[in-house]
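This report concerns only the one structure given below.
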Amino acid sequence: MVFRHPPVSLLISLQFGLLTAGLIATLPERQGHFLVLTASWDTGLILAHGLLLFLLIRRLVGHRREQVARLKALNVELLLALRRARDLAECCSDMVWETDLEGRFTFISDHNGIHRGDECARIGGMIADYPARDPITPPEIWARRLAGQAAGEPFRDFQFSLRQSDGSIRHFQSNGVPVRSEAGVLIGFRGTTRDRTREVEVLHELAHQAMHDTLTGLPNRRSIARELEEITEAGNQPAAVLLLDLDGFKTVNDIHGHAAGDALLRLVAERLRGAVRPDDVAGRLGGDEFAVLLRDVDAARVLEIGQRIVGQLSEPYVLPCGTELRVGVSVGGCLTGEGDADTLLRLADQSLYEAKRRGGNSVRLHGQEAPVQTERRDRAWPEGAAMRQLRSAATVPAALQLALEREELSLDFQPMRRVADGRVEGLEALLRWRSAELGPVSPEVFVPVAEETGLIVPIGLWAIEKACEAAVGGSWRIAVNLSPVQFSQPGLISGIGAILHRTGLQPSRLVLELTERTLTARPGSVREKLRSLRAMGVLLALDDFGTGYSKLASLHDFRFDMVKVDGSVLRIGAPQREPVLCALLDIARAFGAATVVEGVENEAEWRMLGKLGADFAQGRFLGAPRESVAAALAEPAMPGARLPPGVAR
């Protein structure tokens, strides 16, 4: 017999020896003198047996206690290990799961928003149900995955997606290993699943940003170039590329600032999406340049879409701040078949340049003899022979430059009269262009072009100098409109000072008229320039009051000597006209500014101004613009211009 514990084995062996000796002692004694010894021996043997039995029991009890303590310690370690494994499963960023042989979930860790009963995984749910809920992973990928599961093959980085009940899609990545019994039989799978929805969304967002313009959300230059390359390489259907450039966008940035320019670009992008077909691609190349890719089109269809784009993008825009703006658009295009993508872009760019060279707001297709013109629908681009001739000229900026050199630009003068007695208080100098080739060209046509090209700066200084020269020797004031683009130039103050010095005109006789657009550009710079002009002695007038913003802040923040109420106020309906006009006059007087009402066309309006207490007025009823100062001063007031006694202030 072999014992695992030597002390117990020794005691048992000793007891066995004593028992053997006892048996020997019980044999019949041959000699009587051994009787007493035998009795003594029996007593000792019994005592020895009892001692040994006591020691054996004590040892067995101690050994049992050691075994129980050891088992308890092992049990504690096992419980700690199980708790540690459970905590790791719960704290792990991935979901820990187990399935049976059929792919049914038997364990799912609760963490990170994934709970038992969740749409993505739940106890009792089947992995075999996932392919029907996956709108992205191809069915053949799922088929291979389920076949590998049945074969007991481990898998790693398996990516799949599941559509939720609210319609959203969540994305996952899973790893798994087979679970086998002691006999090596496959009994299920154990693994982890990571929710990578946010990761996928970020990757999609980065990919979208890489291929789309951040300001407008349209495809960017890289995306347009890639689409065009695919179209040209396929070559299986006729297509075209259109390049667009806004006419007048630089003026918007110069006058209203880049925030207004960005808002305008977003509105342009929105209209451009609506102007093209659903299968077409509209994108922004940068700045105010856009592009459109047209599929399955011929030349006539391209021109039709181009004209629709020009028409819709040329309509007035209203910015979120309330400002109304107007810009045009020039379009150049090229049909596929002329070369690769780079060649098509180059030819379309040449067509765009030709469209702008011919006056803008038109469509030019490569290979066409003449551009298709699209007239503006607002009053800034009136129809007529002069307008058509102007658009067919070599270039409007070049024509304006020639007009300066040929002295085709001139000034007309319109009288401004006192309402109290009808006397001429001053003259307003109005810029005119009488072209030998085009005839009279409206300021509404050439002034926006001059502002966009920057020619308004020399033209404006020329107008101020000519007006000052014409006013020398008189006693009345001369008023000149100051363009917002011209006002933004750094050399404006020194230029006006030099003109006053050369002509010798007293600064107090020069009135510079500014619109509210000028004041909203850069308030700090505007305030400093107005302060400099006022220190020079020049008078300042706020023009077009009653239109646009008409904010009290303009009168509060910037001091004006005069406020010119726009003539459109007199065109308001009879019930509201007089109260509105009275309110505007009261506002101007509250800020200490003299009032000038424009657009007086009849005696009733003239008498109403006298009743309301306006200071000055001008309009065709009081004198039409004349080509010379003498003619303007000699212009008699219309009948009834002099107010009857009792009406004047």
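The values are calculated or read from the model by the stated rules, or taken from the named source; none is laboratory data. These figures come from a predicted structure and were not determined experimentally. Note that each Cβ is placed from the backbone with ideal geometry, even for glycine, and that neighbours are counted across all protein chains shown.
Some observations on this one:
- Scanning region 258-276 for residues that are at pLDDT below 90 and surrounded by 14 or more Cβ atoms within 10 Å (Cβ to Cβ) yields Ala260, Gly261.
- Residue check, Lys529 among the charged types (D, E, K, R), in a helix (DSSP H, G or I), within 30 Å of Ala630 (Cβ to Cβ) and in contact (Cβ under 8 Å) with a residue 12 or more places away in the chain: no
- Helices (runs of 4 or more DSSP H) fully within region 420-514 counting 3 or more residues that are in contact (Cβ under 8 Å) with a residue 40 or more places away in the chain: 443-453, 456-471, 484-487
- Checking Arg59 against (1) farther than 30 Å from Pro178 by Cα; (2) among the basic types (Lys, Arg); (3) surrounded by 11 or more Cβ atoms within 10 Å (Cβ to Cβ); (4) at pLDDT below 75, the condition it does not meet: (4)
- Evaluation of Arg391 against (1) at pLDDT 90 or above; (2) more than 34 Å from the chain's Cα centre (by Cα) (one fails), failing number: (1)
- Meets criteria (more than 28 Å from Phe616 (Cβ to Cβ) and at pLDDT below 90) for Val449: yes
- Sole residue being closer than 27 Å to Gly337 by Cα and either out of contact with any Cys (no Cβ under 8 Å at 6 or more places or on another chain) or part of a helix (DSSP H, G or I) (or both), chosen from Glu270, Glu227: Glu227
- Thr137 meets each of the listed conditions (1) more than 30 Å from Leu293 (Cβ to Cβ); (2) of a type in the set (S, T, N, Q); (3) not in a loop (DSSP other than H, G, I, E, B) apart from (3).
- Filtering region 433-450 to residues that are surrounded by 18 or more Cβ atoms within 10 Å (Cβ to Cβ) and in contact with an Asp or Glu (Cβ under 8 Å, 6 or more places away or on another chain) leaves Trp433, Ser435.
Let's see how each residue does on (1) at pLDDT 90 or above; (2) closer than 17 Å to Asp94 by Cα; (3) buried (at least 17 other Cβ atoms within 10 Å of the Cβ):
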position	(1), (2), (3)
Gly124	no, no, no
Ala132	yes, no, no
Ile136	yes, no, no
Glu140	yes, no, no
Gln149	no, no, yes
Arg156	yes, yes, no
Ser165	no, no, no
His171	yes, yes, yes
Asn175	yes, yes, no
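- Restricting region 231-264 to residues that are assigned to a helix (DSSP H, G or I) and without any contact (Cβ under 8 Å) to a residue 40 or more places away in the chain leaves a set whose member that is farthest from Gly454 (Cα to Cα) is Ala234.
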